[in-house]
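The values are calculated or read from the model by the stated rules, or taken from the named source; none is laboratory data. Just so we're clear, the structure is a prediction, and the values are computed from it rather than from any experiment. Glycine gets a Cβ as well: all are built from the backbone with ideal geometry, and neighbour counts include every protein chain shown. SASA here: full protein model, heavy atoms, side chains in, ligands and nucleic acids out. Shrake-Rupley method; radii C 1.70, N 1.55, O 1.52, S 1.80 Å.
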Amino acid sequence: PHSTFVDDGYIFVCQDVRGRFMSEGEFVNMRPHRRVNPKTGIDESTDTWDTVDWLVRSVPHNNGRVGLWGNSYPGFYTSAGIIDSHPALAAAMPSAPIADWFWDDMHHHGAFSLILSFNFFSSFGMARPEPTTEWPERFDHGTPDGYRFFLELGPLATIQDEILNDEIAFWNAMSAHPNYDDFWQRRNILPHLAGITCPVLVVGGLFDAEDLYGPFQTYASIESLNPDVENALVMGPWRHGGWLRQDGRTLGEADFGMASAEWFRQSIMLPFFRAHLKEEGTVDHAEATVFETGANRWRRFDQWPPADLDSRALYLTADERAVFDPPKGEPATGAAEFVSDPEHPVPYTQTITARWHAEYMVEDQRFAAARPDVLTFRSEPLAEDLTVVGQIEVHLHVSTTAQDADWVVKLIDEFPGRLPGYEPPKSWRDTGEPDFGGTMRMVRSEVFRGRFRNSYEHPEPFVPDTVTEVSFPLQGVLHTFKKGHRITIQVQSSLFPFIDRNPQGWVDNIHLADEDDFVRATHRVHFGEGQRTALRVGILR
């Protein structure tokens, strides 16, 4: 995409932040935003102001109109840079912007993202004693088997003491702040996204397991705090950064039927900057342009989430069904149970890798359905297409024999056993086209650390064998379950090593747990009147 812009006649400037690579000064991870007088203090917003001001005065042949664009961590800097916008800022595109590391990247609802955090900070987190153009050397796991590597390391404290040798300052900070205290709250950029005067295009991937919270929440915050500003959202069928690096037709085994990323770059991204920076052409994108997976098409909405929705509850039942109508004749009480063993956690992917497997977001979940510590609830085959849109609210009624538990919920599109029009290979030697019959393709998943069910700031243990409600959202979707497919829900308590192991025995700080704190526990999901376990979803009319 950079060459496209160069060919179109733009001046490109690439700048890092204080203390990284060739930039002088002190680097602060997710530097907290302060509404300061630029003459007396700095933050990422004031640094951007100074840069933009210098550029328009100093770079030959510029027209005085500046665009700002960054992806992932630089997406956060783009968001910060448009706060109290410099008058020369004419357009900005925060892509996969980090918003709050208690929900983006390093945590999911407070559950620690082990493999992402370790692989990131074991290199990026090393001190930079002097300016450099070199990336830090990546950590060598010594094996391609990340599941086995992280399991054999044991508790998180082992990583800090024996692997990182207490040298990664931000890892130490994460370990010292397991709850949503002031340390994390000050790094939440969302409340500060005000004073924005330039048009904004927020971009994200529906299958971005790193920064999916950020795009949705950044768009919503800008919309709320800057009601008169042009602010639009684009969400495509992409992994992290996929809208820039690939053509966007496939992800793993999922085929979206078109080069979705190439279409976005040519039809939305380039015209957006061309119109606002060069005043050529017009902007024709909608308030929200979102790819409808399952049906494989782009949809345009005048708001996000769309207004034309039916809110319905999808109930889970004791006989492993998922139904939209409240079960009748079901016993007043009932439960499905499984044993959660920290020594044998459920893997987040069946791919053997010590790196981050981003394609797990669309992976076939039959491997998980085969495990005894995963509950699987299936609807009847659908009589007609059904489109689920927007954020999904999970309401679990659960109990445990221990004092802590993580809860993982997956929304899955289960394909028919025999796909319409599919001709099987003539023999087992003829591989033919892949047979996706019976595939359980994940649409959305999320993990919630149960200790935060009442407060992210003040965690509480579960009372053993006592039923309690655990509620949390799954990030937004736009997915059509086709006629003949099933809506399938999985519930489990581990997702390793994407998420660290919950000891299940109570400790104030899981980062400091030792081996004795890890215990087997029986977890139960409860059903029946007064204990309905359900997902509330929006159905597009």
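Summary of computed values
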item	result
Residues (closer than 25 Å to Phe452 by Cα, in a loop (DSSP other than H, G, I, E, B) and not charged (D, E, K, R)) located in the range 169-206	His177, Pro178, Asn179, Tyr180, Asn188, Ile189
Flag for Phe27 being more than 30 Å from Val394 (Cβ to Cβ) and either open to solvent by 40 Å² or more (accessible area, probe 1.4 Å) or touching a residue at least 40 places away in the same chain (Cβ under 8 Å) (or both)	yes
Answer from Glu253, Glu262, Glu292, Glu287 - the residue that is under 18 Å from Leu478 (Cβ atoms), under 23 Å from the mean Cα position of the chain (by Cα) and surrounded by fewer than 18 Cβ atoms within 10 Å (Cβ to Cβ)	Glu287
Residue within the range 85-108 that is at pLDDT 95 or above, closer than 30 Å to Trp54 by Cα and either open to solvent by 60 Å² or more (accessible area, probe 1.4 Å) or in a helix (DSSP H, G or I) (or both) present	yes
The one condition in (1) over 19 Å from Ala534 (Cβ atoms); (2) open to solvent by less than 10 Å² (accessible area, probe 1.4 Å) that Thr488 fails to fulfil	(1)
Of all residues making up the range 301-318, the number that are buried (at least 18 other Cβ atoms within 10 Å of the Cβ), touching a residue at least 40 places away in the same chain (Cβ under 8 Å) and assigned to a strand (DSSP E or B)	3
Qualifying residue in the range 339-351 (condition: open to solvent by less than 50 Å² (accessible area, probe 1.4 Å), within 30 Å of Ala92 (Cα to Cα) and small (Gly, Ala, Ser))	no
Unmet criterion (only one of (1) modelled with pLDDT under 95; (2) among the small types (Gly, Ala, Ser); (3) open to solvent by 20 Å² or more (accessible area, probe 1.4 Å); (4) in a loop (DSSP other than H, G, I, E, B)) for Ser123	(3)
Filtered residues of the range 140-168 (kept if assigned to a loop (DSSP other than H, G, I, E, B) and either within 25 Å of Pro347 (Cβ to Cβ) or at pLDDT 95 or above (or both))	Asp140, His141, Gly142, Thr143, Pro144, Asp145, Gly154, Pro155, Leu164
Unmet requirement for Thr282, which otherwise passes all of (1) open to solvent by less than 30 Å² (accessible area, probe 1.4 Å); (2) out of contact with any Ser or Thr (no Cβ under 7 Å at 6 or more places or on another chain); (3) polar (S, T, N, Q)	(1)
Trp238 being under 20 Å from the mean Cα position of the chain (by Cα) and either crowded, with 16+ Cβ neighbours inside 10 Å or at positive phi (or both)	yes
Failed item, numbered, when Ile115 is tested on (1) among the β-branched types (Val, Ile, Thr); (2) open to solvent by 20 Å² or more (accessible area, probe 1.4 Å); (3) not in a loop (DSSP other than H, G, I, E, B)	(2)
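Conditions (1) under 30 Å from Leu156 (Cα atoms); (2) modelled with pLDDT of 95 or more; (3) not in a strand (DSSP E or B), marked per residue:
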| position | (1), (2), (3) |
| --- | --- |
| Phe462 | yes, yes, yes |
| Glu469 | yes, yes, no |
| Leu478 | no, yes, no |
| Gly484 | no, yes, yes |
| Ile487 | no, yes, no |
| Asn502 | yes, yes, yes |
| Asp508 | yes, yes, yes |
| Arg536 | no, yes, no |
